[in-house]
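Here is the structure we will look at.
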Amino acid sequence: PACSTVRYRILVLGCPGVGKSALTTQFTTSEYICAYDTSLDEENEKLVTVVLNGEESELLFVEHTLPIKADSFQPLETMLNNADAIITVYSSCDKTGFRKTRDTLLRMNNVEERDPKPVILVGNKTDLARLRVVSTKDARALATSIGCKFIETSVGINHNVDELLVGILSQIRLKGQQL
Ligand code: GDP
């Protein structure tokens, strides 16, 4: 029956300007999308229906901007509670933002120890190669240390954006099977 489509809530976290909105907008144009409900767009939320491996899922992407100030921490618990998965985005051209992302991931790791959710660390803007200040190696090391996935993307040249979309849904489905 049509009403059996499962809806997953995906938190998209990152500092201002890293490309959260650009990424989720690019998702809506993916070949895996079979429906896109624009009625939610004004609240930093995008709702799409994805068909992957012949199975439909609704994905609600909820963008959340991390404050730039190093010491202004926000309570993550409430946000994480409602999320089925988390995409943490940094810009490979911004070291301060990367550190902020790392701090947030480490704090999330503490909150989540009992019920870990799929997390993907996303290094965006790789097309701006000459401006790069965060290496693939450093970011991968961070991902390995906290046990999350890692992918580098460019919305600018549409690199790995579909892979990220498929990756996050695959991880959510895999986790569901383990329960
Ligand atoms: P948000 O604040 O995290 O939602 O960031 P936006 O999605 O608004 O993006 C901020 C700026 O970065 C915009 O001007 C985007 O066009 C640009 N941008 C986003 N992703 C990329 C990328 O992969 N490459 C380049 N060159 N620019 C990007």
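Just so it is clear, none of the values below were taken in a lab; they were calculated from the coordinates. This is a predicted model, so every value here is computed, not measured. Here Cβ is always computed from backbone atoms with ideal geometry, including for glycine, and neighbour counts include all displayed protein chains.
The figures follow:
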| quantity | calculated |
| --- | --- |
| Net length gained if the chain between Asp138 and Asp37 were fully extended (0.36 nm per residue, minus Cα distance) | 32.6 nm |
| Cα-centred dipole magnitude for region 1-127, charges only on beta-carbon of K, R (+1) and D, E (-1), debye, nearest 20 | 600 debye |
| Shape of region 56-179, Cα gyration tensor, a/c cut at 1.5 | oblate |
| Stretch in the chain that is longest and holds no GluC sites (Glu not before Pro) that DSSP places in a loop and that have at most 12 other beta carbons within 10 Å | 32-112 |
| Degrees between helix 95-111 axis and first principal axis of the chain (Cα, 0 to 90, nearest 10) | 60 degrees |
| Ranking of Met108, Met79 by count of other Cβ atoms within 10 Å, fewest first | Met79, Met108 |
| Helix 136-146 vs. the chain, principal-axis angle (Cα, 0 to 90°, nearest 10) | 70 degrees |
| Contact order relative to length of region 13-156, as percent, for alpha carbon pairs under 8 angstrom and 6 or more apart | 23 percent |
| Debye, to nearest 20: dipole size of region 1-71, +1 on Lys, Arg Cβ, -1 on Asp, Glu Cβ | 220 debye |
